[in-house]
Amino acid sequence: MATGKVCIDGEIVDTAEARVPVLDRGFLYGDSVFEVYRTYGGVPFAEKEHLERLSRSADCLMISMPVSIDALASEVRATLAAAGEGEWYVRVMITRGTGPLTYDPTTASSPLRVIIVAPITPYPRELYEHGASVVLLNASRPTDDARAAGAKASNYLANLLAVHEAKQKGAQEAIVLGRRGQLLEGASSNLFVVKDGVIRTPKPEPGILVGITRATVLEVCAREGLTVEETELHPPDLYDADEAFITSSIREVMPVVVADGRSIGDGTPGPLTKRLRRGYLGAVAAGTGAAV
Ligand code: PDD
């Protein structure tokens, strides 16, 4: 069975053999940044956009990039080649490196880079055919405030606890609320609603990761002449929507039909959601040459 490969500071190893130093700050404190994307037909989609965001995240958190984006892309390519045939989940991480056991980030040296290539675990088909359920909840995350805003930092404790709460309530994703009670994003996704033919999504602000999938969907909207609003949304905007969907590199475009136990629209994936999922997959096919 394909198990994938790991590349640590340029050295490719089997996943089971992969090791990082216990004094690495990424291991100790989540003091690192990361990106997640996937392959289609073995070809990474939107890799340049992801690695550019990784570089911005590192810059935001004062972590120096150990190698160039092109060098990272080459290491991903080599790790994919070593993993062999198949469809792959790609996680690229840059930690602040090792140092004394202090929180002061200036004491660390030599950032560590880790590339994990793992078999893709697709989301269940029924979530696309029948739609997903979400719950709304408060979850204060490190990237919700100005200092780390916009960075994709590895410290996902608040996100994973939110996912746990969602699962306990029978939902598949948690939608995080901001300090004004506004809708921000999912624990690992961006949120869109559709009302009277207008596609609306929370405007970029601290607490929102400006997703690559979100950006691709907005490009599809523009290409198809659909009206889009990047604005502030509140729970009624989701509860009373005609349609809703969430986006991420692994989910792609996933319909949402229930929020806090209330049906959205007629409780089935909406026509614009289906159209935008097709449009997104069209962009993937154009970007990778894969038949999706
Ligand atoms: N993250 N918001 C958050 C908090 C996320 O973690 C993600 C995705 C997104 C969507 O971003 P993108 O479209 O660039 O994948 C939004 C990845 C999938 C993850 O954490 O696994």
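The values are calculated or read from the model by the stated rules, or taken from the named source; none is laboratory data. Keep in mind it's a predicted model, so treat the numbers as computed, not measured. In this analysis, Cβ positions are derived from the backbone assuming ideal geometry, glycine residues included, and neighbour counts consider all displayed protein chains.
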Inset, instruction - Name, by its number, the condition in (1) surrounded by 18 or more Cβ atoms within 10 Å (Cβ to Cβ); (2) more than 19 Å from residue 235 (Cα to Cα); (3) out of contact with any helix residue (DSSP H, G or I) (no Cβ under 9 Å at 6 or more places or on another chain) that does not hold for residue 202. - result: (2)
Inset, instruction - Within segment 173-186, track down each residue that is within 10 Å of the ligand (Cβ to nearest atom) and closer than 21 Å to residue 146 by Cβ. - result: 176, 184, 185
Legend entry - Residue pairs meeting the criteria (Cβ under 9 Å; at least 6 apart or on separate chains; first of a type in the set (Ser, Thr, Tyr), in segment 1-25; second surrounded by 11 or more Cβ atoms within 10 Å (Cβ to Cβ) and at pLDDT below 95): 15/3
Inset, instruction - Could you tell me which of the residues 49, 35 is out of contact with any Pro (no Cβ under 7 Å at 6 or more places or on another chain) and in a helix (DSSP H, G or I)? - result: 49
Inset, instruction - Could you run through segment 85-109 and say how many residues are more than 14 Å from residue 54 (Cα to Cα) and surrounded by 13 or more Cβ atoms within 10 Å (Cβ to Cβ)? - result: 10
Inset, instruction - Within segment 14-34, identify whether any single residue is closer than 18 Å to residue 83 by Cβ and surrounded by 21 or more Cβ atoms within 10 Å (Cβ to Cβ), and answer yes or no. - result: no
Legend entry - Cβ pairs under 7 Å, 6+ apart, first in segment 208-227 and free of Cβ contacts under 8 Å to residues at least 40 places away in the same chain, second polar (S, T, N, Q): 211/190; 211/247; 211/248; 214/190; 214/201; 214/247
Inset, instruction - Provide a single number: the residues in segment 188-199 that are farther than 14 Å from residue 259 by Cβ and either surrounded by 24 or more Cβ atoms within 10 Å (Cβ to Cβ) or of a type outside the set (Ser, Thr, Tyr) (or both). - result: 5
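Each row is one residue, and each column tells you yes or no for (1) within 13 Å of the ligand (Cβ to nearest atom); (2) more than 29 Å from residue 263 (Cα to Cα); (3) of a type in the set (S, T, N, Q); (4) buried (at least 19 other Cβ atoms within 10 Å of the Cβ).
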| site | (1), (2), (3), (4) |
| --- | --- |
| 142 | yes, yes, no, no |
| 160 | yes, no, no, no |
| 164 | no, no, no, no |
| 171 | no, no, no, yes |
Legend entry - Identity of the residue in segment 170-210, among the acidic types (Asp, Glu) and assigned to a strand (DSSP E or B), that ends up nearest to residue 251 (Cα to Cα): 173
Legend entry - Enumeration of residues in segment 87-124 that are of a type in the set (Lys, Arg) and in contact with a helix residue (DSSP H, G or I) (Cβ under 9 Å, 6 or more places away or on another chain): 96, 113
Legend entry - Residues located in segment 227-256, provided they are of a type in the set (Ser, Thr, Tyr) and touching a helix residue (DSSP H, G or I) at 6+ places or on another chain (Cβ under 7 Å): 247, 248, 249
Legend entry - All helices (runs of 4 or more DSSP H) inside segment 53-169 with 3 or more residues being of a type in the set (A, V, I, L, M, F, W, C) and modelled with pLDDT of 95 or more: 69-83, 157-168
